[in-house]
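Inspection log for the structure reproduced underneath, given as structure tokens.
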Amino acid sequence: MTTTAIFWPMIVQAFLTFAIYVLMSRRRLEGVRLGKVTPAEYKVPSVEPEYSATAVRNLSNQFELPVLFFVVCLSLQMTSAVNYVVLLLAWLFVVSRIAHAWIHVTSNKLRLRRPLFIVGFFVCILLWLWLAIHLSIGSV
């Protein structure tokens, strides 16, 4: 197995972030086009319309927990700790983030969104624990 396989879930996570940027921009432009907001209201948005606020908030989410994911993936790759378990966990993290983002920018139902966040949260912790164990004993 090649340790560069860890980069694929990272690439997908990055493209999720790019997709949320596009969605946020489209929703903001649509709000202006429909006359619900003026462009000036986006200079320093103190009140974001709900249809774009979910995209804006989700974009912020992509720079919170996923940052820890990127760091641990790079660390695992650099220390030769990537194996099938790590790859499975990395993909599980990304799938949970995609599902979380989808729910956040569509129905925004917390009872669906929160469990997906928790899955990603614990998977990220497991990746960090894997790295810590690998570093402390030399290999896992």
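Can you report the number of residues in the stretch 104-124 which are surrounded by fewer than 18 Cβ atoms within 10 Å (Cβ to Cβ), touching a residue at least 40 places away in the same chain (Cβ under 8 Å) and not polar (S, T, N, Q)?
1
Is it true that residue 127 is out of contact with any His (no Cβ under 8 Å at 6 or more places or on another chain) and surrounded by fewer than 17 Cβ atoms within 10 Å (Cβ to Cβ)?
Details: out of contact with any His (no Cβ under 8 Å at 6 or more places or on another chain): yes; surrounded by fewer than 17 Cβ atoms within 10 Å (Cβ to Cβ): no.
No; evaluated as a whole, the condition is false for this residue.
In the stretch 125-140, which residue that is in contact (Cβ under 8 Å) with a residue 40 or more places away in the chain and in a helix (DSSP H, G or I) is farthest from residue 85 (Cα to Cα)?
In this case the residue turns out to be 135.
Test each condition in (1) modelled with pLDDT of 95 or more; (2) touching a Ser or Thr at 6+ places or on another chain (Cβ under 9 Å) for residue 28 and report the one that comes out false.
Here residue 28 meets the rest and fails (1).
Tally the residues that are buried (at least 22 other Cβ atoms within 10 Å of the Cβ) and over 16 Å from the mean Cα position of the chain (by Cα), restricting the search to the stretch 82-98.
Residues that pass the stated criteria total 2.
Can you work out which of the residues in the stretch 50-108 that are in a helix (DSSP H, G or I) and of a type in the set (Ser, Thr, Tyr) is nearest to residue 133 (Cα to Cα)?
So the residue we want is 75.
Output the qualifying pairs, or none if there are none: Cβ atoms under 8 angstrom, residues six or more apart or on different chains, first residue in the stretch 75-103 and farther than 11 Å from residue 127 by Cα and in contact (Cβ under 8 Å) with a residue 24 or more places away in the chain, second residue outside any helix (DSSP H, G or I) and of a type in the set (Phe, Trp, Tyr).
Note: no pairs meet the criteria.
Are any residues in the stretch 40-62 modelled with pLDDT of 90 or more and exposed (fewer than 13 other Cβ atoms within 10 Å of the Cβ), and if so, which ones?
60
Just give me the residues in the stretch 34-49 being of a type outside the set (Gly, Ala, Ser) and either closer than 24 Å to residue 106 by Cβ or part of a helix (DSSP H, G or I) (or both), in sequence order. Let's see the steps before the verdict.
To start, the set of residues in the stretch 34-49 that are of a type outside the set (Gly, Ala, Ser) comprises 34, 36-39, 41-45, 47-49.
Across the stretch 34-49, the qualifying residues are 34, 36, 37, 39, 41, 42, 45, 47, 48, 49.
The values are calculated or read from the model by the stated rules, or taken from the named source; none is laboratory data. Only a predicted model underlies this, so the values are computations on that prediction, with no experimental measurement involved. Ideal geometry is used to build each Cβ from the backbone, glycine not excepted, and the neighbour counts take in all protein chains shown.
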